[in-house]
1. May I ask you to verify whether Leu81 is touching a residue at least 24 places away in the same chain (Cβ under 8 Å), touching a His at 6+ places or on another chain (Cβ under 9 Å) and not hydroxyl-bearing (Ser, Thr, Tyr)?
2. Run Ile50 past the list (1) at pLDDT below 85; (2) open to solvent by less than 40 Å² (accessible area, probe 1.4 Å) and report the number of the one that doesn't hold.
3. Which residues, taken from the stretch 87-102, are over 24 Å from Ile50 (Cβ atoms), touching a residue at least 40 places away in the same chain (Cβ under 8 Å) and not in a strand (DSSP E or B)?
4. For the stretch 96-125, which residues satisfy the criterion of being more than 24 Å from Leu61 (Cβ to Cβ) and touching a Lys or Arg at 6+ places or on another chain (Cβ under 8 Å)?
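The values are calculated or read from the model by the stated rules, or taken from the named source; none is laboratory data. All figures in this text were calculated on a predicted structure; none of them were measured in a lab. Reconstructed Cβ throughout: ideal geometry from the backbone, glycine too, with neighbour counts over all protein chains shown. Please note that ligands, DNA and RNA were not included when accessible areas were found on the heavy atoms of the full protein model with its side chains. Shrake-Rupley method; radii C 1.70, N 1.55, O 1.52, S 1.80 Å.
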Amino acid sequence: MLVDDSLPAPSAVPPDHGPSFIPEIKVIRIVPAPSPDGTETNPPSHADLIAGGKSPLPGSLAGTEKVLMHFHGRGDSRIILPYQRSGALLWLLVGCETEAPLGIRSFDVHGFVVASYDLEPCRVAEGGGGTADSTSTFVEVWTDPDVEYDVSVISSELYTE
């Protein structure tokens, strides 16, 4: 006997029980700081500050920051990340020479997005953030073909009290 009953519609509300297969990711954002007098001058990058012995990253354990790479690019780019990491946080920080929209994403070896930042617009002061992540293998940058930018990739330990 063939029964032609319709199936119940799926619920728009997720069930409140059962395991979650999406890991919780701690994200620490850095918002570009406006210049105090309104002039656009290139402030030192976070990579420059770390090289000078300073610890400029909120949420990082001082002294554990390691600059994995500093990259100057133009237009869309795909950047392969170094394998060595010094800690649990991976920072993706971007500064642009001109104000323009810019998106930056990091991906794991399977192509899944691990971190994503949309800078609307990208500015001279670095913006982006840090994610509790040790799986990223490459970074992609999306922006207009004539936009020049600098990307700092930094790892660090998470500061906990």
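1. Criteria not met by Leu81.
2. (1)
3. Start the filter on the stretch 87-102 by keeping residues that are over 24 Å from Ile50 (Cβ atoms), which leaves 98-101.
This time we only want the ones that are touching a residue at least 40 places away in the same chain (Cβ under 8 Å), so: 98, 100-101.
Hit for the stretch 87-102 is Thr98, nothing else.
4. Selection gives Cys96, Glu99, Val113, Ser116.
Per-residue answers, yes or no, for (1) more than 15 Å from Ser155 (Cβ to Cβ); (2) modelled with pLDDT of 70 or more; (3) not aliphatic (A, V, I, L, M):
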site: Met1; (1), (2), (3): yes, no, no
site: Ala9; (1), (2), (3): yes, no, no
site: Pro23; (1), (2), (3): yes, no, yes
site: Thr41; (1), (2), (3): yes, yes, yes
site: His46; (1), (2), (3): no, yes, yes
site: Ser55; (1), (2), (3): no, yes, yes
site: Leu68; (1), (2), (3): no, yes, no
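One line per residue, one yes/no per condition, for (1) under 17 Å from Val27 (Cα atoms); (2) surrounded by fewer than 16 Cβ atoms within 10 Å (Cβ to Cβ); (3) in contact with a Pro (Cβ under 6 Å, 6 or more places away or on another chain):
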residue: Ala62; (1), (2), (3): no, yes, no
residue: Asp76; (1), (2), (3): no, yes, no
residue: Leu89; (1), (2), (3): yes, no, no
residue: Cys96; (1), (2), (3): no, no, no
residue: Pro101; (1), (2), (3): no, yes, yes
residue: Gly130; (1), (2), (3): yes, no, no
residue: Thr137; (1), (2), (3): no, yes, no
